[in-house]
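What follows is one structure encoded as C-alpha cells, with my remarks underneath.
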Amino acid sequence: MSELVVVAFDNAVEADQLMGKLGKLQKERLITLDDAAVVVRKHDGHVKVKQAHNLVGSGAMGGAFWGMLIGLLFWAPWLGLAIGAVSGALAGKLTDVGIDDKFIKEVGATIKPGHSAAFLLVRESTPDKVLDELKGFKGTVLKTSLSKENEAKLKVAFGAEE
C-alpha cells in the first residue's frame, strides 16, 4: 500500500530541504518514493511546482498528476463556473481513488502564501528510522492512504504510464 503524504511548511525553502534529506534516506534504503514534488506558494499567491526527478527518475505519476492535484488545491476555489465543473469532475476522480474532498480542502488551506510543501507518494519506508532523521523539520503532516488498486486507478485517471 502506498501513501500520498503532504508535508507543509511555513516558509518557502524547507520543503526543498526535506527533499534533500529524503534523497539521503532513499540512498540508505530507509524510504522508497514512487513520486515527489515540491510546491512553493509565492507571496503573490502564485504556485510553483517542481517535480523531484532526482529522487524518483521520471516519476510514476508524472507532471499531469501533480498538475491536476495541485490545480485542485490552489486554483479551484477561484475558478469560474465552467472550469468549476471540470474541477468537480477531477475532484470526483480523486475521491474515487481515496483522496477525499476534506483532504483536498485541508491541504489547500494549510499552504498559504509564502509557504511550501512536499508532496510524496511513498511506496515503503522504515518509519521509526525515517522519523528519527526528520525530527529537525517543523512541518504539518497531512496524508491519505492509497491502496495498490486505488493507486493504479489514480495513474489511469491522470494518464500516467504504468
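The values are calculated or read from the model by the stated rules, or taken from the named source; none is laboratory data. Please read all numbers here as calculations on a predicted model, not as lab measurements. Quick reminder, even Gly has a Cβ in these numbers, built from the backbone with ideal geometry, and neighbours come from all protein chains shown.
Quick check on my filter: what residues within region 1-39 are touching a His at 6+ places or on another chain (Cβ under 8 Å) and surrounded by fewer than 21 Cβ atoms within 10 Å (Cβ to Cβ)? Before the answer, list the steps.
From region 1-39, those touching a His at 6+ places or on another chain (Cβ under 8 Å) are 8-12; that's our starting set.
Result: Asp10, Asn11, Ala12.
Would you confirm, using the coordinates I've provided, whether Asp35 is modelled with pLDDT under 90 and not aromatic (Phe, Trp, Tyr)?
Working: modelled with pLDDT under 90: yes; not aromatic (Phe, Trp, Tyr): yes.
So Asp35 fits the description; yes.
Would you point out the residue of region 18-39, among those that are among the acidic types (Asp, Glu) and part of a strand (DSSP E or B), that is nearest to Leu120 (Cα to Cα)? Quick ask: steps written out before the conclusion?
Step one: of region 18-39, the residues among the acidic types (Asp, Glu) are 28, 34-35.
Then keep just the ones that are part of a strand (DSSP E or B); that gives 34-35.
Working: Asp34: 8, Asp35: 6 Å.
Selected residue: Asp35.
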